[in-house]
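Here the structure comes first, spelled out in structure tokens, and everything after it is commentary.
Derivation of every value follows stated rules applied to the coordinates shown; laboratory data play no part. The structure presented is a predicted model; accordingly, all values stated were derived computationally and were not measured. For neighbour counting, all protein chains shown are included, and Cβ atoms are generated from backbone atoms with ideal geometry for every residue, glycine included.
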Amino acid sequence: MTVSTSTPATLYPLGDGIGSVSLVQSVGDDKMIVNAARVSFGGDNGAPLNSRDEKLIRYLLTHHHGSPFEHNLITFKVVCPIFVDRQAVRHRVGVSKNEVSGRYVELQERNFTPPAFRKQAPSNRQASVEDDGTLDQEAASRIWAEAWRNAFGAYQELLRLGVTREQARGVLPLSLYTESYYTFNIRSLLHFLELRDHEGAQYETRLFARAMAELAEPLFPVTFREWMSLKKSH
Ligand SMILES: Cc1cc2nc3c(=O)[nH]c(=O)nc-3n(C[C@H](O)[C@H](O)[C@H](O)COP(=O)(O)OP(=O)(O)OC[C@H]3O[C@@H](n4cnc5c(N)ncnc54)[C@H](O)[C@@H]3O)c2cc1C
């Protein structure tokens, strides 16, 4: 088993130097998954991972034997816009979360601004498509910036008037950054990635999911390799 709590590796999925995913700690590895599965017939062992173990991981993934993938953890610190966080927090099983409290602290002036605005997809009511050149990007940026300035200005004004933080935050938009620790096990992480690194997911959320996958993959290389290969074969 490996336990790691080294200096966090950090990725910036939105490219704005604010939105980030840091690997905070991890426990477990591919061998622990194999041992959890083999304990059912007394076959767990301390030997290095071998090709039979790798085949077993593929077998477990293929046949949805999920519980051996739960004896580990990966903790990320995630700094993301509230609209991304609202999607992440829907993942209830095998996921632990603690988030900054806007009741305790004055929220920082950190706003996500899309580098490019997208259009509503014509066929899928949830999805977006890239601008085909017909969107007034400049006007969209201006409106976004004004809305943010007004909202954050109102928040600061309310605080100056003496309004409590827990009420004043009510005027802030979904583009405000929030930060949380998220702890997954590899089973819950793969389920999250299945749904959130998917073409049906929101682009920004997808970027965060990919960053988590990039940080987790070296910790469970065989599991990720076999999971990817099974995904491609479906
Ligand atoms: C592209 C996309 C669009 C979405 N759009 C919307 C939307 O418009 N509105 C909206 O509200 N949500 C939406 N969601 C959220 C979605 O419905 C799920 O809540 C979210 O993806 C979490 O998935 P999950 O329930 O499988 O994960 P988890 O909550 O982590 O659950 C994992 C698994 O445990 C089992 N499970 C968990 N809870 C229960 C339970 N109560 N009963 C039985 N089995 C359970 C299920 O097998 C589930 O797959 C969307 C998700 C995606 C990916």
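Quick one, can you get me the convex hull of the C-alpha atoms of region 141-234 expressed as volume per residue in Å³? Looking at region 141-234, the number lands at 133 Å³ per residue. Backbone geometry of region 221-232 corresponds, through the Karplus equation with coefficients 6.51, -1.76 and 1.60 at θ = phi - 60°, to 3J(HN,Hα) couplings of x, 6, 4, 5, 4, 5, 5, 5, 5, 5, 4, 5 Hz, x marking Gly and Pro. Taking the C-alpha atoms only, the angle from helix 137-161 to the longest principal axis of the chain is near 80 degrees.
Within a straight-line Cα-Cα reach of under 18 Å, LYS31 can be paired with the following lysines, leaving aside sequence neighbours fewer than 8 residues apart in one chain: LYS55. When the alpha carbon coordinates of region 43-92 are projected onto the principal axes, the ranges are 45, 23, 15 Å, largest first. The stretch between SER40 and ARG92, if pulled fully straight at 0.36 nm per residue, gains 16.0 nm over its current Cα-Cα span. For the pair region 45-82 / region 118-132, the C-alpha centres are spaced 35 Å from each other. Relative to the longest principal axis of the Cα atoms of the chain, helix 203-216 runs at roughly 40 degrees. Residues whose amide H lies under 5 Å from that of ASP131, counting only those 5 or more places away or on a different chain, are LYS119; hydrogens are built 1.01 Å from N in the peptide plane. Based on the alpha-carbon gyration tensor of region 119-171 and its eigenvalue square roots a ≥ b ≥ c, which shape applies: rounded if a/c is under 1.5, prolate if not and a/b is larger than b/c, or oblate? Judged from the Cα gyration tensor, region 119-171 comes out oblate (a/c at least 1.5, b/c at or above a/b).
GNM remark for the chain: springs join alpha carbons under 10 Å apart, and the peak mean-square fluctuation among VAL24, VAL171, VAL105 falls on VAL105. For the chain, the mean residue ellipticity at 222 nm estimated from helices alone is -12500 deg cm²/dmol, where every DSSP H run of n ≥ 4 contributes -39500 (n - 2.57) and the total is divided by all residues, rounded to the nearest 500.
For region 1-107, GluC sites (Glu not before Pro) meeting the loop criterion (DSSP other than H, G, I, E, B) and having at most 14 other Cβ atoms within 10 Å: GLU106. Considering only GLY170, GLY19, GLY28, the mean-square fluctuation computed in a Gaussian network model of the chain, springs between alpha carbons under 10 angstrom, is largest for GLY170. For region 103-114, putting each phi into the Karplus relation 6.51 cos²θ - 1.76 cosθ + 1.60 with θ = phi - 60° gives couplings of 8, 7, 10, 6, 6, 6, 7, 10, 10, 7, 10, x Hz, in residue order, rounded to whole numbers and with x for Gly and Pro.
Quick check on the chain: take the gyration tensor over C-alpha atoms, sort the square-rooted eigenvalues as a ≥ b ≥ c, and tell me if it's rounded (a/c under 1.5), prolate or oblate. Prolate, since a/c reaches 1.5 and a/b exceeds b/c.
Looking at region 164-234, the GluC sites (Glu not before Pro) that sit in a DSSP loop and have at most 15 other Cβ atoms within 10 Å of their own Cβ are GLU199.
Here region 76-158 is treated as an ellipsoid with the same Cα gyration tensor; its semi-axes, largest first and in whole Å, are 28, 22, 9.
Comparing mean-square fluctuations of HIS65, HIS198, HIS91 from a GNM of the chain with C-alpha springs under 10 Å, the top value falls on HIS65.
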